[in-house]
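Everything below concerns the one structure shown next.
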Amino acid sequence: MINGDHVMETTRVLTGITTTGTPHLGNFVGAIRPAIAASKRSDVDAYLFLADYHALIKCGDPALVAQSSREIAATWLALGLDPKQANFYRQSDIPEITELCWILTCNAAKGLMNRAHAYKAAVHANEQANEDPDFGITMGLFSYPVLMAADILIFNAHEVPVGRDQIQHVEMARDIAQRFNHNFADIFTLPTAVVDDNVSVLQGLDGRKMSKSYNNTIPLFGSEKQLKKGINKIKTNLLEPGEPKDPEDSTVFQIWCAFADDNERQVMQQAFIDGIAWGEAKKQLFERVNDELAPARQRYDQLIAEPADIEAILQEGAQRLRPKSSELLARVRHAVGLRPYA
Ligand code: TRP
């Protein structure tokens, strides 16, 4: 972009979505909604990709691997990700990522991988269970941070928005990049992890953070009936209708705030103080969330019914990017000595 005589640099912002599980309201509020908003900024060159090779580390069921990938792609598109505004692609459609991964693997210190939290946690769990420390640990799990480094470095991302649990991996990518630049050629941009402290962490049915691992989630694109059922299952206290309720102490109110505007927030807050019945508060919450999600749910159902449309979007995404990834990989190959003889 040209602005007067300054060339405005865009920031390359990249993040991956591991394609496992069923997206829930917590994913929407905490990750999907802010990432889509960021992808619409004109100063951002956004890269959002489906980390389907990462899914293989967690899931060995081929049908489930295929299904999750499709559902998660449809979810992002249905919620407004515009493939014209963001680079939207599937990791496995960019073969240069895995080629780069091997070259980086040959330059990444094993000791660095030994320190990865996810690997250490798995070893620790084995030790607690009196198992062999490596029981059930694949090379995929062990080398996971190198694949993630390849994801980030292949497009020379500046910023990588992640949750706290992923900061270490981005720092490892930075380490790996620095080492490569030092040993071979100055090719890689050093990426920075970006953690947004303002992003809301949604509470789940039991009041803890909504998370698949706590089994306390409300699915994003179930039927209307399932959404209603989920909301009705949110834990509340025993206060009767008419008794004042503390909004700050309520998951119903917390989820309400994640969807409501300022005015609606104040109205509900007053209703709590005035003693709204739990049944009524949940009914209103259902209606509010459903209003917000219904159009997206319709798009989601259409996309799932026509997976060829999703496929075409992803193919186009990959096609647009492969000249970049190929160009970078060619430089990397040359730098490490993989060169044509003549
Ligand atoms: N490991 C990330 C997660 O589980 C997903 C991911 C894969 C990723 N590759 C990435 C995130 C590259 C950011 C950049 O959440």
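Computed over the chain, relative contact order equals 21 percent, with contacts defined as Cα pairs under 8 Å that lie 6+ residues apart. Using a simple spin-label model with pseudo-atoms 7 Å out from Cα toward Cβ, Gln298 and Leu338 lie 4.9 nm apart.
Residues in segment 289-305 near a label at Cys59, defined as backbone nitrogen under 12 Å from the 7 Å Cα→Cβ point? Counting backbone N atoms under 12 Å from the label point, the list is empty.
Once you mark the chymotrypsin sites (Phe, Trp or Tyr not before Pro) that are in a DSSP loop and have at most 16 other Cβ atoms within 10 Å, what is the longest gap between them in the chain? Looking at the chain, 136-340 is the longest stretch - no exposed chymotrypsin sites (Phe, Trp or Tyr not before Pro) with at most 16 other Cβ atoms within 10 Å. Note on the chain: GNM, Cα springs under 10 Å; of Leu79, Leu112, Leu48, the largest mean-square fluctuation is that of Leu112. Excluding same-chain neighbours fewer than eight residues apart, the aspartates and glutamates reachable from Lys228 by a Cα-Cα span under 14 Å are Glu280, Glu287, Asp291, Glu292. Bridgeable lysines around Lys40 (alpha carbons under 17 Å apart, same-chain partners fewer than 8 residues away excluded): Lys84. Normalised by the number of residues in segment 149-252, the average gap of Cα pairs under 8 Å and 6 or more apart makes the relative contact order 21 percent.
Given R0 = 22 Å, the distance between the Cβ atoms of Gln168 and His124 translates into a calculated FRET efficiency of 0.90.
Segment 69-108 and segment 311-342 have their alpha-carbon centroids 14 Å apart.
Filter Lys209/Lys229; Lys120/Lys229; Lys120/Lys212 down to the pairs with a C-alpha to C-alpha distance above 29 Å, please.
Lys120/Lys229
How charged is the neighbourhood of Thr98? Take every other residue with its Cβ under 14 Å from the Cβ of Thr98, and add Lys/Arg as +1 and Asp/Glu as -1. That works out to -2. The distance from the alpha carbon centre of segment 144-175 to that of segment 180-236 is 18 Å, rounded to a whole number.
Which of Met139, Met172, Met210 moves most in a GNM of the chain, Cα contacts under 10 Å? Of the options given, Met139 has the highest mean-square fluctuation.
Read-outs: derived from the displayed coordinates by stated rules, not from any lab. Since we're looking at a predicted model, the values are computed, not measured. Positions of Cβ are generated from backbone atoms using ideal geometry, with glycine treated the same way; all protein chains shown enter the neighbour counts.
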